[in-house]
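The values are calculated or read from the model by the stated rules, or taken from the named source; none is laboratory data. The model shown is predicted, which means the values in this text are computed figures rather than measured ones. FYI the Cβ positions are ideal-geometry reconstructions off the backbone, even for glycines, and counts take in every protein chain you see.
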Amino acid sequence: MNEQSAARNLGPLREVHDWVLLLEDPAVSEEQRAAFKAWCQEDTRNLALYERAQTFHKALGRLTPNDLAQSTSTSNQTVIPTRRSLAVRSMRWLLPSFALSVVAAICVLLLPHRFFLSSPDQIAMPIAQSIQSEVAETKRALLGDGTNITVGPATTAVASFTAAVRDVELSNGAAYFEVASEAARPFRVVTEHIVATALGTEFDVRARKEVTRVAVVEGTVEVRDIESNNVLEVLRPGDELVVSNLDGAAVLNRITTSSIGAWRTGRLVYTGASVGELLDDARRYSDVPIRVADGSESILNYQVRGVFLGENVTTLLDTLATLHPVKIDYSNSEVILLSASDPKDSSVR
């Protein structure tokens, strides 16, 4: 893209940026409001751009009048929206980095080649939507494309849609998707370790500390490794892919579709998960931190099968102690402590 082309594309963004800043000022005059109304009526696209910019402005923080000009004056390269610019993966927009906050605010960053949009000669401002749940809360929302998303407890998902792609970034937690079918615009769920791409389907993604699980109820989902971009598996109904976040190893399981996304009704279904995974889930339902005592990390590798109720963390942990040599210490109101116990100790709670 040459300098003249870049200037033509950035001009509308600068206007939108200026309007967002002006209209948030309590001292804005009626004359200025009238001018804004006239600007919206000049071109039907102006209002749409303003609404999108306002969404990002509210999500990513306050801007200053010089942010956009300074952030676009040092490069003639084509820039496009990136899911890595969103807050979920590393919460980078909270860092006191001027340049990064600017780029996040205008929703553009340079990307690795595999994330380029189909039209690299234009700047597309994505529509952003953030869904966040509290501890022990499950939340359902309708995304801008008509996709239904349900997020599990203590989960944040950030959607960024453009004319070319639909991306949802899930840093940690669980989300169930009922994807609106759009053959020309792929729907991608991005975690720290994998990218799951669907066209029209229902599927579940659970990003945990140790593993990432993707399971399909309907349709097909392609799962790629985030670093190598290699296809790990193409999943069909009843398939569950378990990807190790440590070494990228992937295991394909067959499970009942009725168990997929059961956490939406508070049921935690495990068909060969580790205690580490179970504790990751339990922490999302508990107001009290759950920790493993130093020297007892081996208990995290025990395997569990069964159905638990997430809303009753005490029962969940007590049941765990009946299945494996694990001791649960509730004596400190500030923390629940798990430790390895002697398998012969019948007093283990």
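Considering only region 296-310, I want to know if a residue exists there that is closer than 23 Å to residue 171 by Cβ and either within 24 Å of the chain's Cα centre (by Cα) or assigned by TED's automatic domain parsing to the domain that holds residue 235 (or both). Walk me through how you get there before you give the answer.
Let us first name the residues in region 296-310 that are closer than 23 Å to residue 171 by Cβ, namely 300, 310.
Adding the requirement that they be either within 24 Å of the chain's Cα centre (by Cα) or assigned by TED's automatic domain parsing to the domain that holds residue 235 (or both) leaves 310.
So far as region 296-310 goes, yes, one or more of its residues are closer than 23 Å to residue 171 by Cβ and either within 24 Å of the chain's Cα centre (by Cα) or assigned by TED's automatic domain parsing to the domain that holds residue 235 (or both).
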Checked 269, 335 against criteria (over 26 Å from residue 193 (Cβ atoms) and among the β-branched types (Val, Ile, Thr)); the one match is 335
So which pairs qualify, if the first residue must be in region 19-31 and among the acidic types (Asp, Glu), the second must be surrounded by 10 or more Cβ atoms within 10 Å (Cβ to Cβ), the Cβ gap must be under 9 Å, and the two must be at least 6 apart or on different chains? 24/54; 24/57; 24/62; 25/32
Every residue from region 264-281 that is over 16 Å from residue 315 (Cα atoms) and touching a strand residue (DSSP E or B) at 6+ places or on another chain (Cβ under 9 Å): 264, 271, 272, 273, 274, 276, 277
It is to be established whether one or more residues within region 293-300 are within 21 Å of residue 151 (Cβ to Cβ) and modelled with pLDDT under 95. no
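Residue by residue, here is whether (1) buried (at least 17 other Cβ atoms within 10 Å of the Cβ); (2) in contact with a Ser or Thr (Cβ under 9 Å, 6 or more places away or on another chain); (3) on the phi < 0 side of the Ramachandran plot; (4) not aliphatic (A, V, I, L, M) holds:
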{"residue": "277", "(1), (2), (3), (4)": "yes, no, yes, yes"}
{"residue": "295", "(1), (2), (3), (4)": "no, yes, no, yes"}
{"residue": "311", "(1), (2), (3), (4)": "no, no, yes, yes"}
{"residue": "320", "(1), (2), (3), (4)": "yes, no, yes, no"}
{"residue": "327", "(1), (2), (3), (4)": "yes, yes, yes, yes"}
Are any residues in region 262-294 closer than 20 Å to residue 339 by Cβ, out of contact with any Phe, Trp or Tyr (no Cβ under 9 Å at 6 or more places or on another chain) and in a strand (DSSP E or B), and if so, which ones? 290, 291, 292
Residues in region 211-235 that are touching a helix residue (DSSP H, G or I) at 6+ places or on another chain (Cβ under 9 Å) and within 16 Å of residue 248 (Cβ to Cβ): how many? 4
Just the residues that are farther than 22 Å from residue 263 by Cβ and either among the polar types (S, T, N, Q) or surrounded by fewer than 13 Cβ atoms within 10 Å (Cβ to Cβ) (or both), please, taken from region 297-309. 297, 298, 301
Given (1) buried (at least 18 other Cβ atoms within 10 Å of the Cβ); (2) without any contact (Cβ under 8 Å) to a residue 60 or more places away in the chain, identify the lone condition not met by residue 270. (1)
